[in-house]
Structure formats: C-alpha cells, structure tokens
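First up is the structure itself, then whatever we jot down about it.
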Amino acid sequence: MTTRDTVASGLQPPDAPAGWVRRGVVLGLAALGWAGALLVNEPVWDRVVYQWAGLSAATRLGSAVHFFLADTVKITLLLIGIIFAVTVLRSFITLERTRALLGGRREGVGNVMAAGLGVATPFCSCSAVPAFIGFVAAGVPLGVTLSFLIASPLVNEVAVVLLYGLFGFKIAALYVTSGLIIAIGAGWLLGRMRLERYVEGFVFTTTLRGQPVPSGTVLSFGDRMRLGGEEVATILRKIWPFLLAGITLGAIIHGWMPEAFFVRYAGSDNPFAPLVAVAIGVPLYSNAAGILPLIEALHAKGLATGTLLAFMMSTVALSLPEMILLRRVLKPPLLAIFTAVVAAAILATGYLFNAIL
C-alpha cells in the first residue's frame, strides 16, 4: 500500500524515527502521570474523607464513602491504562489472523490455542454471536470455537490486572489458571460430543466479510495511539453504569452489611457456598470491571477465595444476556449443555480452591 492509499483510507503514513522518539517521550510522561495518580489515590481520599469531611474510618458511613470514592478513581485509572495498552497491542492482531491460526486445528491443540487467543482478543459476552458466526463459518471446529468464547470474557486482561491490583499475584494467578483450564476442558468436551447438529444452519452458510482495514496497511504510531484513546472512551461509556453500580453495592456491603450475613449463606462453614455463588452469579449481567468492587467488599467480609472466584466467573462467563444472544446461533439442547458444562466446571473450581486454600 502506498502513502497515498494509506492517507486515503484514513490512516497516517508510518512515523519517521524523530516522530517515534517525540511521541515516545510524551507517552512515557503520560504513563508516569498515570502511575503517580494511582499511587496517591488512597492517601488523597484519606485526607478528603477523614480529615476535610470529618468522617471517621471507624464508622460505617465513613468507611463506605471512602470505599466508594477511592475505588471509583482506582478502578477508572486501572481501566484507562489497561484498555489503552491492550488496544495498542491488539492493533497488531486481526480477527482474520485469529481465524487463520485456529482454522483446521485438531481438538486439544486447537482448544489450547483458542483459549490462549481468547485472553488476548477483544471479545466479550456482548459480541458472542458475531464472533461465533465468524469462527464457525471460517471452518474453526465447534469445540475450539467454544473454548475461545469461554476464555475471552472469562480471562481477559482487565480482569487479570484488576485482580492483581486489588488482591495480589496469588489470586490473579489462580483466576487465570482455573479460567484457562475451564475454557480448554469445556471446549474439548463439547467438541468431542459432536454437537454440530444443534447449531443453527445459517451459521455454516454465512459469507464472511472482508477485513475492515485493507490488507498490507501499516498503522503508524499515531494511529495506534488514536485507536487506544477511542477504545478507552468507548468502553468507559459502555460500562460506567455497571462500574458505578458495582462500586456502590460494594460500598454498601463494605460499610453496612454484617459479616454474619455472608458467613451464613456463603461462608467457609457452608458446604454449599460455591453452589450459592454460582446460582446467584449466572443470572447477573456484569463484566470484570463492574463485579470486582463487589468481590473486593465480599473478600473483606471473609468469604473464601474459591467461593469468590466461582461467583465472579459465573457472572462474567455465563451472563443471562449472553445466553439470550447465543440462542440466535445455538439450538436449546446445545445452549443447555454449554451452560451446564461451564457452570459445573466453575462450581468444581470453587470447591477445589476452598479445599486447598
């Protein structure tokens, strides 16, 4: 593609070395400012809430207000940094490349690759239908496609980095490991069951559209930065109601809900705690950013790690809106089997981690 063609397509020609250096400096300064804001967030709200506003950390109101303000800023900052960085990285990956990697792969190897790609590609439960159609129509095996669709919303970079920031490496690593095992195992099992007859017929005859960006296009540094900024704005506009709802509920739980309530229904002494968590989580609709403040508050109330992971996974991977969307391409028997297999794997994960931690 020539420079004229690139400009005509709305993209900028590749940057000169001097431009890379200048923009790299600006980007580095922005990263430092972002890290600094994240670092001072907690002390700033300590001063605002406990000193200027005169609220006490020992009171329910003071604790809830501080939780809401500090977590709103913290999670928003994390989301901005993560979404921007991931979008820039994803600009090197196209859906067509992903399909080419997965198409024709044998079960087992294909499931592992699909789960790994699901972590790094921009699909969530709201885009399940077009992703499913695109992959199956491109010849990707059904079980491999399902591994991708499970892993993509379940183990995404936002969830992983937010979990690390809120709870540390151990819980984040447990979440990633268990999520990948669920995606690989469930996809492999569903593929071995030969359930293609329960996929709506039009999926196999769909004609795929071409690439949104012409083949051979070289994105400039400026293009990738612009894509990152646009993706941040788009996602924040889409999720802010869920984010605020999750943080508000988390603040209420953090400040007012008695610990005995959660210990009774989902505490470590209740053998049915993971089952309760999955039963509550499946009908809910949220994403990693929206559910994590609630998970943080429940963690502070003493809920077991396995129960928390089961609740978060069921909410993110098996939301009711996703099931409604998937019904457009999956017949009821396959949709029911898909939901049952994934829910059972999540439930087993919850019990396993409650037993070993």
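What follows draws every value from the coordinates through simple rules; no lab data is involved. Not measured: the values here are computed from a predicted model. Backbone-built Cβ (ideal geometry, glycine too); neighbour counts: all protein chains shown.
Quick notes on this one:
- The 3J(HN,Hα) values that the Karplus relation (6.51, -1.76, 1.60; θ = phi - 60°) gives for the stretch 193-203 are, in residue order, 7, 6, 9, 4, 5, 9, 9, 4, x, 5, 4 Hz. Gly and Pro appear as x.
- Additional length obtainable on full extension of the chain from F204 to V109, 0.36 nm per residue less Cα span: 31.9 nm
- Exposure proxy order (Cβ contacts within 10 Å, fewest to most) of H299, H66: H299, H66
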